[in-house]
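The values are calculated or read from the model by the stated rules, or taken from the named source; none is laboratory data. Just so we're clear, the structure is a prediction, and the values are computed from it rather than from any experiment. Positions of Cβ are generated from backbone atoms using ideal geometry, with glycine treated the same way; all protein chains shown enter the neighbour counts.
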Amino acid sequence: MPFYQRLGDVPSKRHVQFRDNGTLLTEEVMGMEGFVGMESILYHLQSPCRVMKLGDFEEIERDEWVPDAHAHRLFNTYDIDPGGDEITGRRLLMWNNDVEISLCRPSESAEYYFRNGEGDEVIFVHEGSGTLETIFGDVPYTEGDYVVIPRGTTYRFRPDGEQRYLVFETPGRIEIPKRYRNQYGQLLEGAPYYHRDIHPPTQLNTHRDRGEFPVKVRVRDGYQTYVLDYHPFDVVGWDGYLYPWTFSVHDFEPITGRIHQPPPSHQTFQGQNFVICSFCPRMLDFDPRAVPIPYHHSNLQSEEMIYYVSGNFGSRKGVNVGSITLHPSGLPHGPQPGLAEKSIGVRETHELAVMCDTFHPLRLTKFAKELDDGKYAYSWYENAQNGDGAAAAETSADGDATGAGLTSHL
Ligand SMILES: [Fe+2]
């Protein structure tokens with residue numbers, strides 16, 4: 001997506017004869033927005049329309065939980081049981097018409113092939129590594145990678161070790177924020193990452209096998225299975241702007257200011273009515289008068305979901321690795337009592353967190369209810385009851401004088 005790529009063999013011109021051992025190859029233009037958006041052109045051994053058998057259609061069911069009270073919430077996800085594969089193991093936590101956010105801790109790897117026919121995906125790899133085999137070639141991934149998969153990409157995971165993902169699926173597009181690019185699409189000097197940090201498919205393997213190959217396609221709010229009589233990765237070459245890629249959260253260059261920088265400075269991707277941000281280890285605000293911890297804020301039109309990836313979040317009561325906080329729209333949120341005072345003079349934070357801010361309300365699932373701690377909404381009140389000093393003393397007792405436990409956004 002971010003720049004032109006080519007893998008394998010393509011003819012010198014578009015839409016001309018191109019043969020493999022004398023057989024005319026099938027050219028497929030895979031593109032967005034009719035014929036005016038980003039596209040890639042793929043050359044197949046077989047027609048990509050060729051289907052041997054239409055399989056089952058499974059409707060997607062979302063088991064909604066409507067809480068009794070509108071409140072800030074904390075979900076502890078780290079101990080969820082492994083289950084399913086990289087697709088069926090996605091357990092929906094929250095969603096709206098723009099984005100679905102799921103956890104996935106697969107216990108097995110899918111043997112079938114998958115394609116999201118109605119949405120782009122970002123898979124944040126919290127734990128594990130492996131290779132995403134795709135119709136565009138192999139995409140190696142490791143812990144900390146955002147794997148960005150445009151709709152229409154047929155793929156299959158080949159995991160190495162235990163896996164844990166945070167998955168975003170959207171009917172819109174996942175894009176690099178426009179303000180990071182110049183009029184030619186090149187990433188600007190001030191952008192928090194550069195083209196060298198973006199990793200397209202590394203190697204194209206053309207498969208010529210015949211047999212029965214099930215492909216599950218997400219379409220019309222469900223999963224339609226097709227059986228092909230040829231391997232779906234039958235591409236001999238492709239070129240264009242549309243392909244899967246990875247970007248490591250560890251390559252995000254955090255922006256620090258003399259005083260507190262707002263969340264948009266951490267933005268990593270833009271979506272349709274939502275953003276994804278990365279909170280990375282960094283130096284904190286350096287003005288002697290600065291309060292390095294965030295000010296209270298009311299994102300009156302946003303829902304703010306933060307997934308805590310690594311670091312010591314001791315300063316945030318009840319928040320551990322794998323925790324998710326949800327600060328819904330219409331309510332103010334901010335540091336718990338005592339933490340603003342404690343933060344003064346702190347020079348750095350070691351946190352790593354992924355945030356998704358949506359501009360429309362998120363609905364919750366019954367799975368979210370199972371993980372809801374039920375007490376988080378009272379955490380400001382409980383600390384106030386203990387006195388500000390008590391809260392500060394509690395966090396200082398972690399022996400964390402460096403700010404390693406200081407959550408720099410919430
Ligand atoms: Fe916030």
| task | Restricting attention to the stretch 266-275, report how many residues are under 21 Å from residue 298 (Cβ atoms) and more than 13 Å from the ligand (Cβ to nearest atom). | result | 3
| Mind checking which residues of the stretch 217-256 are in contact with an Asp or Glu (Cβ under 8 Å, 6 or more places away or on another chain) and modelled with pLDDT under 95? | 256
| field | Which numbered condition residue 346 misses (of (1) modelled with pLDDT of 95 or more; (2) away from the ligand (no atom under 14 Å from the Cβ); (3) outside any helix (DSSP H, G or I)) | value | (1)
| request: Just one of (1) closer than 30 Å to residue 245 by Cβ; (2) out of contact with any helix residue (DSSP H, G or I) (no Cβ under 7 Å at 6 or more places or on another chain); (3) crowded, with 18+ Cβ neighbours inside 10 Å trips up residue 280, so point out which. | output: (2)
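Yes/no matrix, rows are residues, columns are (1) more than 25 Å from residue 338 (Cβ to Cβ); (2) more than 16 Å from the ligand (Cβ to nearest atom):
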position	(1), (2)
263	no, no
278	yes, no
283	no, yes
287	no, yes
292	no, no
| query | Any idea how many residues of the stretch 160-179 are in a strand (DSSP E or B) and buried (at least 19 other Cβ atoms within 10 Å of the Cβ)? | reply | 8
| Of all the residues that make up the stretch 1-26, how many are surrounded by 17 or more Cβ atoms within 10 Å (Cβ to Cβ) and over 31 Å from the mean Cα position of the chain (by Cα)? | 4
| message | Step by step: first the residues of the stretch 304-324, then only those that are modelled with pLDDT of 95 or more and outside any loop (DSSP other than H, G, I, E, B), then the one that is farthest from the ligand (Cβ to nearest atom). Which residue is that? | response | 309
| field | Odd one out for residue 358 among (1) polar (S, T, N, Q); (2) more than 16 Å from the ligand (Cβ to nearest atom); (3) at pLDDT 90 or above | value | (2)
| Does residue 136 count as more than 21 Å from residue 353 (Cβ to Cβ) and modelled with pLDDT of 95 or more? | yes
